[in-house]
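Engineer: After the structure tokens below, expect a handful of questions from me.
The values are calculated or read from the model by the stated rules, or taken from the named source; none is laboratory data. As the structure is a computational prediction, the values presented were derived from the model and not from experiment. A quick note on method: Cβ atoms are made from the backbone with ideal geometry, for glycine too, and the neighbour counts reach across all protein chains shown.
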Amino acid sequence: MVKYRPMTYLMKRIFLQSLIDIFYFPIWWYSKGTIKVLHALHEQFDHVSVKLAVGIWLRNLFVPMFGQTDWQGRLMSIFMRLVNVFFRSFALAIYVIALMLISITWVILPVFLLSFFILSFTS
């Protein structure tokens, strides 16, 4: 009669699951993982674009500030809003570049690490 050994079964199961996870990792990284990262980055962009509100500043470009409807008040409000739109657009562009660098890094990182790992054993 064969004795049941739960510890042996558990160790086999953990070992097999670890092997499956190791081989599934690259597939996950470039499929579901990339989709999750791109979705999170898109949400970050939406959040920052709402916070900076460049479109609202552009829509109200010719609306006088503080109800001053004389030409000096209108000129000052246009100038101030143009400066605001410029700097907010610049900040949004820098943020978009940072998000693109993060997404490119996500795609390149495993290949980069694997190449260094292989080079460490060949030298």
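Engineer: Filter the range 80-95 down to the residues that are of a type outside the set (D, E, K, R) and in contact with a Leu (Cβ under 9 Å, 6 or more places away or on another chain), then identify the one that is nearest to Gln68 (Cα to Cα).
Structural biologist: Leu82
Engineer: To continue, here is another question. Under 7 Å by Cβ, and 6 or more places apart or on different chains, what pairs join a residue from the range 97-123 that is under 15 Å from Leu38 (Cα atoms) and surrounded by 10 or more Cβ atoms within 10 Å (Cβ to Cβ) with one that is of a type outside the set (S, T, N, Q) and modelled with pLDDT of 90 or more?
Structural biologist: Leu99/Leu41; Leu99/Phe45; Ile102/Leu41; Ser103/Val37; Ser103/Leu38; Ser103/Leu41; Trp106/Val37
Engineer: Take the residues of the range 106-123 that are among the small types (Gly, Ala, Ser) and part of a helix (DSSP H, G or I): which is nearest to Leu41 (Cα to Cα)?
Structural biologist: Checking each candidate, the answer is Ser115.
Engineer: Could you list, in sequence order, all residues of the range 69-96 that are polar (S, T, N, Q) and in contact (Cβ under 8 Å) with a residue 24 or more places away in the chain?
Structural biologist: Asn84, Ser89
Engineer: Continuing with this model, one more query. Which members of the range 47-70 meet the condition of being under 12 Å from Val85 (Cβ atoms), among the hydrophobic types (A, V, I, L, M, F, W, C) and either part of a helix (DSSP H, G or I) or in contact with a strand residue (DSSP E or B) (Cβ under 6 Å, 6 or more places away or on another chain) (or both)?
Structural biologist: Leu52, Val54, Ile56, Trp57, Leu58
Engineer: Follow-up question, since we're still on this one. I need the full set of residues from the range 60-92 which are at pLDDT 95 or above and either charged (D, E, K, R) or more than 29 Å from Phe45 (Cβ to Cβ) (or both), in order please.
Structural biologist: Arg88
Engineer: Further question: Can you find, within the range 1-53, the residue that is farthest from Ile97 (Cα to Cα) among those that are surrounded by 12 or more Cβ atoms within 10 Å (Cβ to Cβ) and among the β-branched types (Val, Ile, Thr)?
Structural biologist: Looking at the filtered set, the residue picked out is Thr34.
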